[in-house]
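> Quick one: the structure is below, questions incoming.
Values quoted throughout were computed directly from the atomic coordinates according to the rules given, and no laboratory measurement underlies them. This is a predicted model, so every value here is computed, not measured. Please note: Cβ atoms are built from the backbone with ideal geometry, for glycine as well, and neighbour counts cover all protein chains shown.
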Amino acid sequence: MKAYTDIEQSKKLAEILPLESADMYWWSTSLRYYIEPMDDGDFNEKEGHIRAWSLGALSEFILPYIADDDGNNYKFYLSKDGLNRWIAYYKSDDVSIHICEESYNMIDVILEMVCWLKKEEYVWL
């Protein structure tokens, strides 16, 4: 299971989530990319560092959306299917919508859920 967003996912989330919510970052040498925790003090956008999100940071962001909304008739679910793949869907009294494709990586599903929430204007950002 992936523990943090890859570079492309990180760039996509940087357009949606508050930048200060990133808890990791990518940096590179001429040969490869490395991931580091944001709290190491070395993050520098001018040097091409890319903000990233760990599974924990994304889980904290998504948690309010997968709980009941106190009287509103919608819920968001994150669960596993019969093949042990993660899925995300929206369910109200009269409709159930799969938000994304099933994936063995929870982080991939949460990313798609965040993008869907933003597109559908559930995210207040």
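> Per DSSP H run of n ≥ 4, the term is -39500 (n - 2.57); total these for the chain, divide by its residue number, and report the mean residue ellipticity at 222 nm rounded to 500 deg cm²/dmol.
Helix contribution divided over all residues of the chain: -7000 deg cm²/dmol.
> Now, a different point. Would you work out which of Y104, A52, V114 lies farthest towards the positive end of the dipole of region 7-119? Charges go on Cβ: Lys and Arg +1, Asp and Glu -1.
Of the candidates, Y104 comes out farthest on the positive side.
> Output the DSSP H helices from the chain with an along-axis C-alpha extent of no less than 15 Å and a mean Kyte-Doolittle hydropathy no less than 1.0.
106-119
> With +1 on each Lys and Arg Cβ and -1 on each Asp and Glu Cβ, and nothing else charged, work out how big the dipole of region 8-58 is about its Cα centre, in Debye to the nearest 20.
240 debye
> Considering Cα pairs under 8 angstrom that are at least six residues apart, work out the relative contact order of region 7-119 and quote it in whole percent.
19 percent
> Ok, one more. How about region 1-110: which GluC sites (Glu not before Pro) there lie in a loop by DSSP and see at most 13 other Cβ atoms within 10 Å?
E15, E101
> Quick one: putting +1 on the C-beta of Lys and Arg, -1 on the C-beta of Asp and Glu, what dipole do you get for the chain around its Cα centre, in Debye to the nearest 20?
340 debye
> Keeping to pairs on different chains or 8 or more places apart, tell me how many lysine pairs in region 7-119 have Cα atoms under 25 Å apart.
Counting lysine pairs in region 7-119 gives 16.
> Oh, and also: Would you grab the residues whose amide H sits under 5 Å from the one on I99? Only those 5+ places off in sequence or on another chain, please, with H modelled 1.01 Å from N.
A88, Y89, Y90
> Starting with the fewest neighbours, write out V114, V95 ranked by other beta-carbon atoms found within 10 Å of each beta-carbon.
Neighbour counts put them in this order, fewest first: V95, V114.
> Then there is this: Would you mind calculating the gained length between D40 and K80 on full extension (0.36 nm times residue separation, minus the Cα-Cα distance), in nm to one decimal?
11.0 nm
> Another question about this same structure. Provide the gained length on full extension for the span N105 to I16, in nm with one decimal, where the gain is 0.36 nm per separating residue minus the Cα-Cα distance.
Gain in length upon complete extension: 30.0 nm.
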